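Bear in mind that the values in this text are calculations on the coordinates, not laboratory data. As the structure is a computational prediction, the values presented were derived from the model and not from experiment. Please note: Cβ atoms are built from the backbone with ideal geometry, for glycine as well, and neighbour counts cover all protein chains shown.
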Amino acid sequence: MKYRKKPVVIEAELFDRDKKHRLSDEFRTAICNCGETGSVLSSDCWHIHTLEGAMIVRDLDYIIKGVKGEFYPCKPDIFAATYEAVEP
């Protein structure tokens, strides 16, 4: 059996660690620096607590706000293949 993804409008912002101050407050508070939590990972490592657990956010990943208000990262190529811009 085949299924089609339901058309849902989502909110997303591009993560650029050098410009993270440009993220909206809601998206900026969704990400954490691994170095700030005492992790052994480098301070250049960022993550988001998702419904499936912590996920690493890499530079230029998209941060997506899901239909239940959850946040998760998405690679740019997957984002481009899955989503298109809509009129505001």
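A few points about this structure:
- Computed from label points 7 Å out along Cα-Cβ, the spacing between Lys75 and Arg4 is 2.7 nm.
- Reachable lysines from Lys20, criterion Cα separation under 22 angstrom, eight or more residues apart if same chain: Lys65, Lys75
- Under the convention that each Lys and Arg Cβ holds +1 and each Asp and Glu Cβ holds -1, the size of the dipole of the chain around its Cα centre is about 380 debye.
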